[in-house]
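Participant: Here it is, the structure in full.
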Amino acid sequence: MSEQPMPNHQCTLAFEAEKTRYDEMLLEWSRFHDAHPEVWKLFKRFTFDRIERGFRHYGAGAIMERVRWETSAGADPELEEFKINNNHRAFYARFFMGYYPEHEGFFRLREQTSEADRPRGG
């Protein structure tokens, strides 16, 4: 696994106002990501496991389900139990491929149509 040090882990983004549903989801993800660095650690570990086993493509949903299993099934008693929003999967996939550009395309991505939608929250 090509492990690189994580630059200053905090990635919460500051928005004057959430302009689209995408902005809202990105802010929710970045807050979650900052609060739960163990999810990123497991996401990377399980993704590199698939890469090392020869997979050229894999689903971020499958990786995230394994993260959920590991964090809720008691595999690591140090981890607190928490919920992972399904909206976060695409952000973790994009973050992984941005952080490890040599694996660009490992996760197949869809267009983020939420960029045109109005935010839900207030």
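Participant: Using only the alpha carbons of region 21-101, determine the length spanned along each of the three principal axes and report them from longest to shortest in whole angstroms.
Facilitator: 35, 32, 17
Participant: Taking the number of other C-beta atoms within 10 Å as the exposure measure, put ARG56, ARG21, ARG110 in order starting with the fewest.
Facilitator: ARG110, ARG56, ARG21
Participant: Full extension from LYS83 to ARG68: what is 0.36 nm times the residue separation minus their Cα-Cα distance, to one decimal in nm? The partial results should precede the final answer.
Facilitator: On the way: separation 15, 0.36 × 15 = 5.40 nm, distance 0.80 nm.
Answer, rounded to one decimal: 4.6 nm.
Participant: Further question on the same structure: Any idea what the dipole of region 21-101 comes to, in debye rounded to 20, about its Cα centre with Lys/Arg Cβ at +1 and Asp/Glu Cβ at -1?
Facilitator: 460 debye
Every number in this text was worked out from the coordinates using simple rules, so none of it is lab data. Just so you know, these numbers come straight off a predicted model, no measurement behind them. Methodologically, a virtual Cβ is constructed for each residue, glycine included, from the backbone with ideal geometry; neighbour enumeration extends over all protein chains shown.
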